[in-house]
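The values are calculated or read from the model by the stated rules, or taken from the named source; none is laboratory data. Given the structure is predicted, the values throughout are model-derived calculations rather than measurements. Cβ: placed from backbone, ideal geometry, glycine included. Neighbour counts: every protein chain shown. Note: areas computed on protein heavy atoms with side chains; ligands, DNA, RNA excluded. Shrake-Rupley method; radii C 1.70, N 1.55, O 1.52, S 1.80 Å.
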Amino acid sequence: MERKIKLKTLNAYITCKICRGYLVDATTVTECLHTFCKSCMVKHLEDNNTCPTCQIVIHQSHPLQYISFDRTMQDIVYKLVPNLQENEIKREREFYKSRGLPCPKDVIVPTGDAEEEKPTTQVEADFHRLDEQVNIGLECTADNLKSLKRKFIRLSSQATITHLKKFIAKKVLDGMEKYRDIDILCNDELLGKDHTLKFVYVTRWRFKDPPLRLQYRPRIEL
């Protein structure tokens, strides 16, 4: 049996405790699971290292590493609140337009024939920035491979080990097509090429502090 409920009865669960508005880019603290708008939380952490709701210390020196985008919560908010998503997209585009800047969620795609003047069109593209994110520390375990200049990266939890291998190959082997020459391990266990980073985190690193630590090495043929 279906019954209707008023949106205001859910407000306590879908609003940010900092700005008191509906959650936008919902971001959850991994230590206590309280959720806020991303912009509100980032600004709060400029001068604080505690959760605004429960005051728990998120991290003494790097609290930004212990918050992550909560796609499930954001999807719920957008489905519950009429026109919220459309209005936020419109406001964001107007903000960047007023400053003469391209919206980060748009990408310019060339159209038309190569020999003609190519008009451009704007399409929305977030490049998975709105996915739940995973922080990763990459460490080389072999002397015959270069180490990455930046050992810490942040990327979508839906990325696979193959995506990561291609990234490493491009950086240390000077060619993404050489990704098959690399193995990636976690806790000395070889990871499958189709494993998502979310799966690896949940099954190998769930109760350990972030970032997720991975090692890479040349493939050893038997």
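Using a Gaussian network for the chain with springs between C-alpha atoms less than 10 Å apart, which of these wobbles most: ARG71, ARG91, ARG154? Among ARG71, ARG91, ARG154, the largest mean-square fluctuation in the Gaussian network model of the chain belongs to ARG91.
Remark: segment 144-152, residue by residue, has Karplus-estimated 3J(HN,Hα) of 8, 10, 6, 7, 6, 5, 10, 8, 10 Hz, where x stands for each Gly or Pro and the curve is 6.51 cos²θ - 1.76 cosθ + 1.60 at θ = phi - 60°.
Once both axes come from the Cα atoms, what is the angle between helix 71-80 and the longest principal axis of the chain, in degrees from 0 to 90, rounded to 10? So the inclination is approximately 30 degrees.
Computing the accessible area with a 1.4 Å probe over protein heavy atoms, can you report the carbon and sulfur percentage for the chain?
Working: 7750 of 15240 Å².
Exposed carbon and sulfur together represent 51 percent of the surface.
Remark: segment 81-95, residue by residue, has Karplus-estimated 3J(HN,Hα) of 9, x, 6, 4, 5, 4, 5, 5, 4, 5, 5, 5, 5, 5, 4 Hz, where x stands for each Gly or Pro and the curve is 6.51 cos²θ - 1.76 cosθ + 1.60 at θ = phi - 60°.
Evaluate E = 1/(1 + (r/R0)^6) for CYS32 and THR9, where r is the Cβ-Cβ distance and R0 equals 35 Å; express this FRET efficiency to the nearest 0.05. So, using R0 = 35 Å, E works out to roughly 0.90. What is the helix-to-structure angle for 161-172, meaning the angle in degrees between its Cα long axis and the longest Cα principal axis of the chain, kept from 0 to 90 and rounded to the nearest 10? Roughly 60 degrees between the two axes. Once the Cβ-Cβ distance of GLU139 and THR72 is raised to the sixth power relative to R0 = 41 Å, the FRET efficiency obtained is 0.85.
In the chain, Cα pairs under 8 Å separated by at least six residues give a relative contact order of 14 percent. About its Cα centre, the dipole of the chain is roughly 640 debye, where the only charges are +1 on Lys and Arg Cβ and -1 on Asp and Glu Cβ. Counting alpha carbon pairs within less than 8 Å and at least 6 residues apart, what relative contact order, in whole percent, applies to segment 129-222? Relative contact order comes out at 37 percent. Which residue, PRO63, PRO210, PRO102, has the most motion in a Gaussian network model of the chain that connects Cα atoms within less than 10 Å? Among PRO63, PRO210, PRO102, the largest mean-square fluctuation in the Gaussian network model of the chain belongs to PRO102. Think of the chain as having a plus end and a minus end, set by charges on the Cβ of Lys, Arg, Asp and Glu; of VAL202, LEU164, ILE136, VAL202 sits farthest toward the positive end of this dipole.
Which value, in debye to the nearest 20, describes the size of the charge dipole of segment 1-73 about its Cα centre when Lys and Arg Cβ atoms bear +1, Asp and Glu Cβ atoms bear -1, and nothing else is charged? Intermediate values should be presented prior to the final figure.
Values: 9 positive and 6 negative charges, 103 e Å.
So the magnitude is around 500 debye.
Could you pull out the pairs from LYS38/LYS97; LYS6/LYS79; LYS166/LYS193; LYS165/LYS193 whose alpha carbons sit more than 19 Å apart here?
Numbers: LYS38/LYS97 21 Å; LYS6/LYS79 14 Å; LYS166/LYS193 11 Å; LYS165/LYS193 9 Å.
Flagged as over cut-off: LYS38/LYS97.
Springs join every pair of Cα atoms under 10 Å in this Gaussian network model of the chain, and among SER68, SER39, SER98 the largest mean-square fluctuation is at SER98.
Annotation: the antiparallel percentage among DSSP beta bridges lying fully within the chain is about 85.
For the pair segment 159-218 and segment 25-55, the centres of their Cα atoms are 29 angstrom apart.
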